[in-house]
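Shown next, in structure tokens, is the structure this report addresses.
None of the figures in this text is laboratory data; all of them are computed from the coordinates on show. Treat the numbers as computed from the prediction; the structure is a model and nothing was measured. Reconstructed Cβ throughout: ideal geometry from the backbone, glycine too, with neighbour counts over all protein chains shown.
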Amino acid sequence: MITDSKIQVAFATKDDEYIYYIYVTILSILSNSQSNTSYNFHILVPSEFSEKSKSRIQKLSENYHNCSFNFINMKECFKNIKMTHNHIMYPTYYRLLLADVLPEVDKCIYLDSDIIVKQDLSNFYNIDITDFYLAGVRAAGYQINASDNIKRLELPDVDNYINAGVLLINLKKLRADKLTQKFIKLIEKKYHDQDQDIINVACYKKIKTLPLAYNVMTKYEKIFDQCIKANAYTQPEINDAINNPLIIHYADKIKPWQNPEIMFGNMWWQYARQTPFYEHILFNNLKNNQELQKTTNDSKKAPVIYKKDATYYRYKILSKITIGHKRKKYIAKFKELKQNIKKQTHHPKQHFQMMKGLKKRFICLIEKHKFSRSLLEAILFFSFLLKKKPKEHLSAIKKIKFITCRYPVRSAGGGQGAALTMNETVLDKEYKGIPVEFIFEKENKYSQKKYMGAYFLYAGFTFALKETKKDKNTVYITHEEETAFGLWLAGKRYIIFSHLQGARLEEKLNNGEKISYITRKIIKFTEKMAFKHALYVCFPSLGAYNYYINSPYRGANKNDFRLGPVIYNTLYLNHTPEVHPLVKKDPSCLTILSIGGFTIAKGIDRSIDLVEEILKQTNKKIRYIIIGKGILQQEIEQKCLKLAHKYNNFSYIIINRCTVGEMPYIQQISDVYIMLHRISIFDLATLEMMNYSKTVVLSNIGGNPEFNKENNIILWKGNNKTTAKTILNTNLEKKGKLNKQIYDKYFSHTPYKKQYSKLIDLLIKGE
């Protein structure tokens, strides 16, 4: 008998290709599970499914010891059923047989393969469904068109009609009431939505509906207003689901592996990059997209132009004067034609025809903040593009200028202003007789909300154009794409240092920003031009470079730019420690510190799970300090609160913001620094903790391994138990002293100056 001490999760797949996507789903489950949660994964496969694919997915248990895999051969079941949707395959029917193929399981979660899970599944699995066949989230489209669906399904109502991609199933009750036989019988009716219709019809009145957060379907992004009107979801429910989803379901024809720019697409790729199939996913979909593009191009040799002509008014009149079936037909045709006209009117190409002669109007509108951001970004973008200067001939270098439109940052933390401040602090005003200058924006006006977004793009490259107007034989060094773009427009020679977590667009999406179609295109184009025309593109770590070239959101390919030498960051250390009012030094406890934004990339949610494992292995008093804020604030607070209730020897402090003096004080009184990043290019806080002689624990990704020069860093490889044991058995003082030595040797001001000297020597030699 399989007990419910483990969470039972079932999947269905058609072939070896779909195992890639199931792998991503399973990886997201394991990455976000608590250390005490275990899983049995049951994967229903057809007879032709390969042993190679089985062994590939079973390797997950090598890194995650809280899971096991059970492959169930469904043989030729449902193979001859005709499907009504091209993007849905016959294995979708496998879920109808779960009660029979898992006879020893009383309860399970069923998930489609186009899903990622963002939180531990324990709470979901423990929902009481004793009196129900199953539980799921309303498929809002069916409530919106309730009358049509009631008639089609022959049901009294569709109030509790649910999406079948995420289900909590009471297998015991299904077996007791012989629902499998009922499912099979209903197949003969050939429902339009096939197994989903069958499940909802057979289980009518025995379905428990769940909040939207348990199945956030991306296809409903554009119709949430209609969903509210149809009483499918409430506005608070939608807000909570978007900000704090448990399960994200890419339930549309277009999947994130086909178009990474769909809603939550960036989150799917964060897990995809961690799989051994990452290259396969990229290759397969590149091939599929090329075939699709070829077909599309062939079919669109003579593009259709939609306009309000005789056909438009004919359909409009007929949709109102006809009756019955004909009226429905003309209503549908008129609706489709209106949509085509609308799409055509708002196509980006239509925007770009409006660019010339609007610069002054743009500035005026920006100041008043009364503008369509995406449109006006396009306007300013192309107005300057038309004025691009030819590339300046560079003879002998007479001057080197470090430039950014950011205000100088004399504080802790990162950012372009901070990077240039570091340059100014560490580097000399002259190198081998060549003057070196540092140029910032004179005032910090861009911190105001109205100057963000579109205006900052404008500010970046116009600042570059203005400051470089009279310069000749000068090489510029910048840390931002906007300024680099302006340098390209001005025809100047420059080097750009990229500090991106993947790509600029990816970084913005990870921070929860909503970005329009045009803005996305402009971000990518800006990035591509900035990189392509640079003398060198430099990164703060090799991991940062790898993140960029593997990002599906990048503007430039690796062959588009010349890679410069890796130059590790250093620290701006002129800060006097100040006691924080909430934090006192406490030698009686082990103080653990995490610093970073509350985002997916920073992985503080995973750091909390490691802290919990430390609590399991020791009775020592543990204090956990977290400094940061972001979109995962609520999740992080809840996780810490649960730990505080569960363990008497645990306390925590969450600090959203520190002064430049309070930060070093907190760092100095801490014992261990833990950051289990999902994306990390080169963490400055890690350098700070190394400089303060502290033990550091990092995830083994991106630029993090490059801190580990002499086994001085504890690298987390997905196993909380092992890592927690290592931390508790480590001589923290000795490890901290070693980190200080490594910082001085590789990351202090002296090696930093040497790295820059080598780069400038390349320029002087003309290489």
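In the stretch 590-747, Cα pairs under 8 Å separated by at least six residues give a relative contact order of 25 percent. When the Cα atoms of the stretch 545-669 are aligned to their principal axes, the ranges along those axes come out at 56, 35, 25 Å in descending order. Listed cross-link partners K432/K753; K253/K338; K151/K329 are compared with a 20 Å cut-off, the Cα-Cα value being larger for K253/K338.
If the segment from K745 to N557 were pulled out straight at 0.36 nm per residue, it would be longer than the present Cα-Cα gap by 64.3 nm. Packing here is the average count of other Cβ atoms within 10 Å per residue, and on that basis the peptides 728-735, 233-240, highest first, run 233-240, 728-735.
In plain terms, the C-alpha convex hull of the stretch 7-286 casts an average shadow of 14.1 nm² when viewed from every direction.
First check a/c for the stretch 688-758, with a ≥ b ≥ c the square roots of the eigenvalues of its C-alpha gyration tensor; if it is under 1.5, answer rounded, and if not, answer prolate when a/b is larger than b/c or oblate otherwise. Kindly include the intermediate steps, with their values, before the conclusion.
Values: a/c = 3.54, a/b = 1.73, b/c = 2.05.
It is oblate, given that a/c is not under 1.5 and a/b is not larger than b/c.
For the stretch 47-135, the calculated P(r) over all alpha carbon pairs, in 10 Å bins from 0 to the bin holding the longest distance, is 11, 36, 40, 13, 0 percent.
Under 1.5 on a/c is rounded, so check that first for the stretch 198-250, then, if it is not, pick prolate when a/b is larger than b/c and oblate when it is not; a ≥ b ≥ c are the square roots of the alpha carbon gyration tensor eigenvalues. Prolate, since a/c reaches 1.5 and a/b exceeds b/c. Listed by chain and number, the aspartates and glutamates placed with their C-alpha closer than 15 angstrom to that of K172 are D4, D100, E104, D106, D128, D131; residues fewer than eight positions away on the same chain are left out. Give me the net charge of N546's neighbourhood, meaning all other residues with Cβ under 12 Å from the Cβ of N546; Lys, Arg count +1, Asp, Glu -1. It works out to a net charge of +2.
With 29 Å as the limit, the listed pairs K429/K709; K118/K558; K107/K725; K528/K758; K584/K620 have K429/K709; K118/K558; K107/K725 beyond it between alpha carbons. For the pair S516 and I317, what calculated FRET efficiency results from E = 1/(1 + (r/R0)^6), where r is the Cβ-Cβ distance and R0 = 41 Å, to the nearest 0.05? Rounded to the nearest 0.05, the efficiency is 0.70.
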